[in-house]
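Below: one structure, written as structure tokens.
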Amino acid sequence: MAAQLTVPSAMRIESVIQPELPSVLLERISRTMPLLAVGQDHLTWGERLLFGQVASQAACKAACPVAIVPDGWRARQPG
């Protein structure tokens, strides 16, 4: 997704990998970011029972706006 965007020089894209539950990590990160973009998750029923839907949890609990990008999304035009 990030490779398809034209990012203004005043902005940056960060990828974060931490050993904690995704929903907890995204909620924490949302407190310091102006926008959070997450991919739509496709979990098995067992994973949904254990972890829930990460993108939905992020959208509900984040302190900043959240963009949920559907699986297979492609920019029509760069930018």
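Computed from the coordinates by the stated procedures, all read-outs in this text should not be read as laboratory data. Because the structure is predicted, anything quoted here is derived from the model rather than measured. Reconstructed Cβ throughout: ideal geometry from the backbone, glycine too, with neighbour counts over all protein chains shown.
Less than 5 angstrom separates the built amide H of GLY39 from those of VAL69, all sequence-distant by 5 or more or on a different chain. FRET efficiency for the TRP45 to TRP73 pair, using the beta carbon distance and R₀ = 25 Å, is estimated at 0.55. Multiplying the residue separation of GLU20 and LEU5 by 0.36 nm and removing their Cα-Cα distance gives an extension gain of 2.6 nm.
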